[in-house]
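Dropping a structure here in structure tokens format, bear with me for questions.
Derivation of every value follows stated rules applied to the coordinates shown; laboratory data play no part. Computed from a predicted structure; not experimentally measured. Because the Cβ atoms are built from the backbone with ideal geometry, glycine has one as well, and the counts that use them run over all protein chains shown.
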Amino acid sequence: MSRPVNPHAMAPARAGSTRTAPPSVPDGFWSAPRMRRYLIFDATGITYLLIGLLILRVAWALGSGPEAWQALLQQFRHPAYLGFHLLVLLSVIVVGLRFFGLFPKAQPPKIGPVTPPPGPVIHAMLYAAWGALTLGLVLVLGGFLP
Amino acid sequence: MSDVQKKKFIVTRFDPDKDQVPKTQEYTIPVKPDWKVLDALNYIKDEVDGSISHRWSCRMAVCGSCGMLVNGEPKLTCSTALSDYGDEVHIAPLSNFPVIRDLVVDIEGFMDKFKSVKPWIIRAKEKAVEEGPCRQTPEELHAFKQFSMCINCMLCYAACPVVSNVPEFLGPAAIALGHRYNLDSRDEGAGERNEVFRGEGTIFECSFANECSEVCPKSVDPAAAINQAKLLAVVDWAKSFVVPRGGDK
Amino acid sequence: MEVFRHDLVIVGGGGAGLRAAIAVVEADPKASVALVSKVYPMRSHTVSAEGGAAAVAAPDDSLEMHFKDTVKGSDFLADQDCVDYFVDHAVEELTLLEHWGCPWSRDADGRVAVRAFGGMTAKRTWYAADKVGFHMLHTLFQTSMRYDRIVRYDEQFVTKLLIEDGVVKGVVALDVREGVPRAILGRAVILTTGGAGKCFPFTTNGTIKTGDGMALAYRAGVGLKDMEFVQYHPTGLPGTGILITEASRGEGGYVINSEGERFLVTRDYGVGQKAELGPRDMISRAIMLEIAAGRGIKGSYGDFVQLDLRHLGEAKIMERLPFVRTLARTYAGVDPVFQPIPIRPVVHYMMGGIDTDIDGATTLPGLYAAGETACVSMNGANRLGSNSLTECLVFGARTGQKAIAYARGASAGNEAPLLRQAQEEAARIEELRGRRKGGERIAQIRREMQKTMEEGCGVYREQASMQESVRVMAQLRGRVADLQLEDASKVFNTEILTALELANMVDVAETIAVAAAARRESRGSHACNDYKTRNDQEFLHHSLVHFEPGGPRLSQKPVNITRFQPEERKY
């Protein structure tokens, strides 16, 4: 059994000389475990869209005076927002792990005159940067540092 | 014979003169333990049903003819062991391609994309034969060697979710082969190819699903090639504001 | 019927065909070339060649040495003017390929590396790891895409040459996808369709190697030369026949028997110091004799000996022979880093083929041939490994140049009789497709042909079994005429291709058997148990087989010996 895809997938520039059956994918194509992991990775884009909207909301509140700002902070105490932020954290981890895993092989042998470092070094640098940024944000936003 | 068992093969059939849409046909045949999936298909064609059409040639996974879906996954049937499968084996034509007949797909779309990346050495001035071969160190060879191993089997196209949805996308093998030439120290055509990469066949549609590299039988790792190519295409585009094209490589 | 018109038509899109096509458009910027192939060119069997391509490169090497190695390797049946031209132009061709992007393996200083190969007295085999044919074919194919005037006709099966007034003016090609024949006209036709290994049951060759071009020329009245010389490559996997490259011996591999003995060194098989790097015919015979003496290992696909690479170490194997490792694991279930590879001689290459001169011209005006399908003759009675990839380039180029020069001066002829012939051919194909009554399965006849050829024209031959092969082939010709087809459809009918290929193979197999039975001596790869020595007095000539309705007609052609007089072939 199969499912249709875009009817022009892999279509030749000139029409073929005989009638063809349209391109398709097999039934398990989109639901296979590996594909599902990729689709989840792609789907986290929705969380980033929502975060973007949230940032606009925060900016608007900031510009609307102290009462608006206090009201926003009050809203953020709602469990739904906590849940949303947990979802965002999960998305970032999913994307981070997957992206960091693939990032080294996306480095060409040379970028202009620069030779990118080997895979393990790139991994170390990425995770170190991630860790440092996270630590820094926690310290600053948690009030541990002025 | 004690080591002869039987397996059932469910093979997709399609004859445009007879069938509206593809259908399946079942064959149960004796199989040998060391057979590849291709051996079973050939047995069916030779002994049971001569009307099955499929492509194959070298039987050693280097000509790229025999790509098909085996139980839904893109495989080279000549190097896929039958013993990896149970009593029922589904054989279908490669996904994402128009189907000409039975297990034979139309690869002209691939040939168009392939040619569009100009997969040949481009140099401003042809080197004379009398000057002998170019010098190329083992490191320079290593830089692109992996991407030159593509046998054009198109399993990567069958696996790619972007190929399913974006007809203009150049696709893994074509991009990998274009990138192979961009990385070749003897080539001067990266500028031209990067224009193609950034143009209609935009390689930026790739969202790094990595399915292509998972199914590639030759470890070409087209996902690596595409994403390397993206970076280099952007660098090339940025450079074009600093160094006008024509004076540049 | 649809007609296409070009200046020149090339049939077969492998190494020789692609090189010829490029040579044509570079020699004549206005020429339009039809490249007609029954498969997409990157599927051509050139792709499976592994070991390398020979050309004099090292300072301690010389053209004279390459010349002498090749002529001696041919057991003095090679035409020496052709060998001279070949060694002279080998470097130029491989350099050109390098300019086109072929990823030759390199020494540390960036120069092209060379390796040792069988029968060569110096290291002169250029290589790209162990996938040279693959890289060469893809380089040629990708380069050919630059030229818009190379017009490709992919998946078109040529079934007949169109001849008017004794001059070839085009071909009839069956469009595999549409199931409709077409006429492709050109003022010259070059056949570069490869060999015919599929006439035998165990071969390194892919399924497409069915001698189509040889059969086309043969039926058109051109002689097939030296057909009895079939090369058995010493190291093929038992059963599948998949090639394990000679380079594995070139890099230092050992061939051992069931007792673990390097019998090519410890016993006298005529290869002397060269041991595993002796010429292919001698090594294949040595292996068969070891097996006959009971020192082979029993297997379900026949007895075999072993190729031991373990002492080379994983690093060297992964650098120089990575494909060999993959093949051994996938198709023999052994890892050569830890275990020896089972091997036995399998059919690999046809030294013989369409009779051509040094320009690739046949006796039929307008018809040319190059590559494995032709017999120039460069390889005589036995080919040295790594010479044939270079041969495809050198003679593909020369034949392309000569053919377009001829075509420029030739007339396109009168189309009407050509189209009439094409219509007759179309009717013949339709009749074949519609045939449903009586007859046998294609596979049945093919198996009988292959079995008979294995028994009659194996590594060692006997008069009695050769004569039997002759008889059986003649009988099979009649049975092929009665074939039964199950597939009546037009669109991508591969059964009709298989039937047409079988007819070609039976014709070619018949010429092999007839030529073999007539050569009452042993020379090169033709080892006859009834006549065990080389007989220069009576048999220092090329054999020629011509088609006649009553049965093949034999004749001879002298060998062009210029400066290397035949001597005893000792290593």
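Using θ = phi - 60° and the Karplus relation 6.51 cos²θ - 1.76 cosθ + 1.60, list the HN-Hα couplings for the range A:26-33 in order, rounded to whole Hz, with x at every Gly or Pro.
Result, rounded to whole Hz: x, 4, x, 4, 7, 9, 4, x.
How would you rank A:47-55, C:513-521, highest first, on the average number of other Cβ atoms within 10 Å across their residues?
The densest-packed peptide leads the list: C:513-521, A:47-55.
Relative contact order of the range B:105-249: what whole-number percent is it, with Cα pairs under 8 angstrom and at least 6 residues apart?
Rounded, it is 29 percent for the range B:105-249.
Which residue, C:M378, C:T143, A:L62, has the largest displacement toward the positive end of the dipole of the protein assembly as shown when charges sit on each Cβ (Lys, Arg +1; Asp, Glu -1)?
A:L62
Please give me, ordered by residue number, the GluC sites (Glu not before Pro) of the range B:180-249 that lie in loop per DSSP and have at most 10 other Cβ atoms within 10 Å.
Within the range B:180-249, the qualifying GluC sites (Glu not before Pro) (loop, at most 10 other Cβ atoms within 10 Å) are B:E200.
Dimensions of the range B:5-105 along principal axes (Cα, Å, largest first)?
The principal-axis extents, from largest down, are 37, 29, 23 Å.
Give me the Kirkwood hydrodynamic radius of the range A:12-146 in Å, from all C-alpha pairs, to one decimal place?
Hydrodynamic radius (Kirkwood, Cα pairs) of the range A:12-146 is 19.7 Å.
What residues have an amide H closer than 5 Å to that of B:T24, excluding those fewer than 5 places away on the same chain, when H is modeled at 1.01 Å from N in the peptide plane?
Those lying under 5 Å, H to H, from B:T24 are B:R13.
Straight-line reach from A:K110: which aspartates and glutamates have a Cα under 20 Å away, not including same-chain ones fewer than 8 places off?
Answer for A:K110, where 20 Å is the Cα cut-off: B:E139, B:E140, B:D184, B:D187, B:E188, B:E192, B:E195, B:D221, B:D236, B:D248, listed by chain and number.
Along the range C:519-529, what does the Karplus equation 6.51 cos²θ - 1.76 cosθ + 1.60 (θ = phi - 60°) give for ³J(HN,Hα), rounded to whole Hz, x for Gly and Pro?
8, 8, 7, 10, 8, x, 7, 8, 10, 9, 5
Further question on the same structure: Please compute the net charge surrounding C:K490, taking Lys and Arg as +1 and Asp and Glu as -1 over other residues with Cβ under 11 Å from its Cβ.
Surrounding charge for C:K490 is -2.
Pop a pseudo-label 7 angstrom from the Cα along the beta-carbon direction at both B:I10 and A:Y127 and give the gap in nm to one decimal.
Result for the modelled spin labels: 4.4 nm.
Here is a further query. Using a Förster distance of 60 Å, how high is the FRET efficiency between A:A13 and C:T562, based on the Cβ-Cβ distance and rounded to 0.05?
On the way: r = 53 Å, r/R0 = 0.88.
The computed FRET efficiency comes out at 0.70.
Counting only residues 5 or more places away or on other chains, whose amide H sits under 5 Å from the amide H of C:I343 once H atoms are built in the peptide plane?
C:V305, C:Q306, C:L307
Tell me, what does the Kirkwood hydrodynamic radius of the protein assembly as shown come to in angstroms if you use every pair of distinct C-alpha atoms?
Its Kirkwood hydrodynamic radius stands at 29.8 Å.
Counting other Cβ atoms within 10 Å of each Cβ, which trypsin sites (Lys or Arg not before Pro) in the range C:369-468 have at most 14 and sit in a DSSP loop?
Hits after loop and neighbour filter: C:R436, C:K437.
For chain B, report the % of Cα-Cα distances exceeding 34 Å.
29 percent
A further question follows. Any number yet on Rg/Rh for chain C, C-alpha, Kirkwood?
0.95
Using the Karplus equation 6.51 cos²θ - 1.76 cosθ + 1.60 (θ = phi - 60°), what ³J(HN,Hα) coupling, rounded to whole Hz, does each residue of the range C:146-154 give in order, writing x for Gly and Pro?
Coupling constants for the range C:146-154: 5, 9, 5, 8, 8, 9, 8, 10, 7 Hz.
Can you pull the Kirkwood radius for the range C:429-540, inverse mean 1/r over Cα pairs, to one decimal in Å?
Taking every pair of different Cα atoms in the range C:429-540, averaging 1/r and inverting gives 15.3 Å.
What is the extension gain from C:E92 to C:R436, computed as 0.36 nm multiplied by their sequence separation minus the C-alpha to C-alpha distance, in nm to one decimal?
Fully extending the segment from C:E92 to C:R436 adds 118.5 nm.
Ignoring everything except DSSP H segments at least 4 long, calculate the 222 nm mean residue ellipticity for chain B; use -39,500 (n - 2.57) per segment, divide by total residues, nearest 500.
Values: 9 runs with 81 residues, N = 249.
Rounded to the nearest 500, the figure is -9000 deg cm²/dmol.
Now a separate question. Tell me which trypsin sites (Lys or Arg not before Pro) from the range B:126-211 have a DSSP coil assignment and no more than 14 other beta carbons within 10 Å of their own.
Hits after loop and neighbour filter: B:R135.
Could you work out the mean count of beta carbons from other protein chains within 10 Å of each residue's beta carbon in B:134-142?
6
What FRET efficiency comes out for A:E67 versus B:S207 if R0 is 56 angstrom and r is the Cβ-Cβ distance? Round to the nearest 0.05. Mind dumping the intermediate values first?
Details: r = 43 Å, r/R0 = 0.77.
Efficiency for this residue pair is about 0.85.
Could you please tell me the mean projected area of the C-alpha convex hull for the range B:108-242, averaged over all directions and given in square nanometres to one decimal?
8.9 nm²
Quick query: amide H of A:R3 versus all other amide H atoms, modeled in the peptide plane; which residues come in under 5 Å with a sequence gap of 5 or more or a different chain?
It is A:V25, A:D27, by chain and number.
Separate question: Given the C-alpha centroids of the range C:1-22 and the range B:210-231, what is the distance between them in whole angstrom?
34 Å
Next question, about the same structure. With 10 angstrom as the radius, rank B:Y181, C:Y40 by how many other C-beta atoms surround their C-beta, starting from the fewest.
C:Y40, B:Y181
If the range C:503-571 were replaced by its equivalent ellipsoid, with semi-axes equal to the square roots of 5 times the Cα gyration tensor eigenvalues, what would those be, largest first, whole Å?
25, 15, 10
Per residue of C:167-180, count partner chain C-beta atoms within 10 Å of its C-beta, then hand back the mean as an integer.
That average works out to 2.
When Lys and Arg each count +1 and Asp and Glu each count -1, what net charge do the other residues less than 12 Å away from C:V112, Cβ to Cβ, add up to? Working shown, then result.
Values: positive: B:R135, C:R106, C:R111, C:R115, C:K123, C:R124; negative: C:E98, C:D107, C:D109.
Within the 12 Å Cβ shell, the charges total +3.
How high is the FRET efficiency between A:V94 and C:V151 when r is their beta carbon distance and R₀ equals 56 Å, given to the nearest 0.05?
0.65
Dividing the alpha-carbon Rg of the range C:1-114 by 2.2 N^0.38 Å yields what?
The value comes to 1.30.
Fewest first, what order do A:H8, C:H542, B:H90 take by the number of other Cβ atoms within 10 Å?
So the ranking, lowest neighbour count to highest, is A:H8, B:H90, C:H542.
I want the antiparallel fraction of DSSP beta bridges within the protein assembly as shown, as a percent rounded to 5.
Bridges in the protein assembly as shown are about 70 percent antiparallel.
In nm, give the distance between the simple-model label positions of C:T121 and A:L139, each being 7 Å from the Cα along the Cα-to-Cβ direction.
Label at C:T121, label at A:L139, 7.7 nm between them.
What order, most packed first, do the peptides C:347-353, C:281-287, C:143-149 have when packing is the mean number of other Cβ atoms within 10 Å of each residue?
Order by mean packing, descending: C:347-353, C:281-287, C:143-149.
Related question: Tell me the mean residue ellipticity at 222 nm calculated for chain A from its helices only (DSSP H runs of n ≥ 4, each -39500 (n - 2.57), averaged over every residue, nearest 500).
-21000 deg cm²/dmol
How many partner chain Cβ atoms sit within 10 Å of a residue's Cβ in peptide C:100-108, on average, as a whole number?
Mean partner shielding for this stretch: 6.
Within a 10 angstrom radius of the beta carbon, how do C:D88, B:D184, C:D109 rank from fewest other beta carbons to most? List each step's numbers first, then the result.
Numbers: C:D88 14, B:D184 24, C:D109 8.
Ranked by crowding around the Cβ, least crowded first: C:D109, C:D88, B:D184.
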